[in-house]
Amino acid sequence: MGVGVFAFLGTLAVISALGVILQRSPVHSLLALVATLLALSGLMIGLGAVAIGFLQAIVYVGAIMVLFLFVIWLLNLQRDPGEPGRLAVKFFGAIAVAALVAELFAFFVRAPMSPMETSSSYGSVDRLADLIFSRYLVAFEVASLMLLVAVVGAVAVARRWPGDEARPNGAVGADRPVLQQARRA
């Protein structure tokens with residue numbers, strides 16, 4: 001990969017990552033995250049890890065981002081234009097960003113300038129499958145269960161029960177049969 005292509009994809013990844021945290025709309029933030037993941041996928045493909053690059057594009061952009069989009073739509077997240085800025089959150093966020101920039105600078109200062117030696121199986125499907133289904137099998141399965149629980153939880157939170165819109169002050173659960181039977185007992 002040429003230096004120009006690497007610089008373009010790296011710059012695109014950084015700018016779109018900033019877009020993830022600076023956007024007020026959750027959908028716009030999600031689209032910026034998709035651009036970030038696609039730029040990282042392009043970087044991986046350009047650096048020789050073709051299988052990992054394509055898997056990143058297929059799994060994260062193609063599946064996980066669609067899942068996030070459905071969760072945003074189910075929860076009906078909206079940008080609140082009247083919400084005042086929170087000074088403490090912005091202050092601690094600025095401190096965290098400054099710490100991350102300092103850590104990144106320290107990393108680049110101490111990093112060796114010689115190219116890294118890699119094996120011929122670096123980034124191959126065989127090596128990836130060997131790692132996922134041997135060393136990281138439990139973590140892989142736990143991550144899939146966490147995603148499943150997140151989807152079920154989002155659907156449960158977003159589900160409208162019959163008569164929910166008729167209750168004053170957003171009271172929830174007053175007319176459900178189970179709760180009515182429990183109150184009678």
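Hey, does the range 121-128 have a residue that's of a type in the set (D, E, K, R) and either modelled with pLDDT of 85 or more or part of a loop (DSSP other than H, G, I, E, B) (or both)? Step through it out loud before you land on a result.
Keep residues of the range 121-128 that are of a type in the set (D, E, K, R), which gives 126-127.
Retained after the next criterion (residues that are either modelled with pLDDT of 85 or more or part of a loop (DSSP other than H, G, I, E, B) (or both)): none.
Within the range 121-128, not a single residue is of a type in the set (D, E, K, R) and either modelled with pLDDT of 85 or more or part of a loop (DSSP other than H, G, I, E, B) (or both).
Restricting the range 1-53 to residues that are within 15 Å of the chain's Cα centre (by Cα), outside any loop (DSSP other than H, G, I, E, B) and of a type in the set (S, T, N, Q), the residue that is modelled with the lowest pLDDT is SER29. Within the range 95-120, the residues that satisfy the criterion of being of a type outside the set (D, E, K, R) and in a loop (DSSP other than H, G, I, E, B) are ALA111, PRO112, MET113, SER114, PRO115, MET116, THR118, SER119, SER120.
Can you tell me which residue among LEU147, LEU128, LEU137 is free of Cβ contacts under 8 Å to residues at least 40 places away in the same chain and surrounded by 10 or more Cβ atoms within 10 Å (Cβ to Cβ)?
Values: LEU147 fails: free of Cβ contacts under 8 Å to residues at least 40 places away in the same chain; LEU128 fails: free of Cβ contacts under 8 Å to residues at least 40 places away in the same chain.
When all the criteria are applied, what remains is LEU137.
Scanning the range 150-174 for residues that are assigned to a helix (DSSP H, G or I), loosely packed, with under 10 Cβ neighbours inside 10 Å and modelled with pLDDT of 60 or more yields ALA156, GLU165.
The values are calculated or read from the model by the stated rules, or taken from the named source; none is laboratory data. Predicted model only: the values in this text are computed from it and were never measured. FYI the Cβ positions are ideal-geometry reconstructions off the backbone, even for glycines, and counts take in every protein chain you see.
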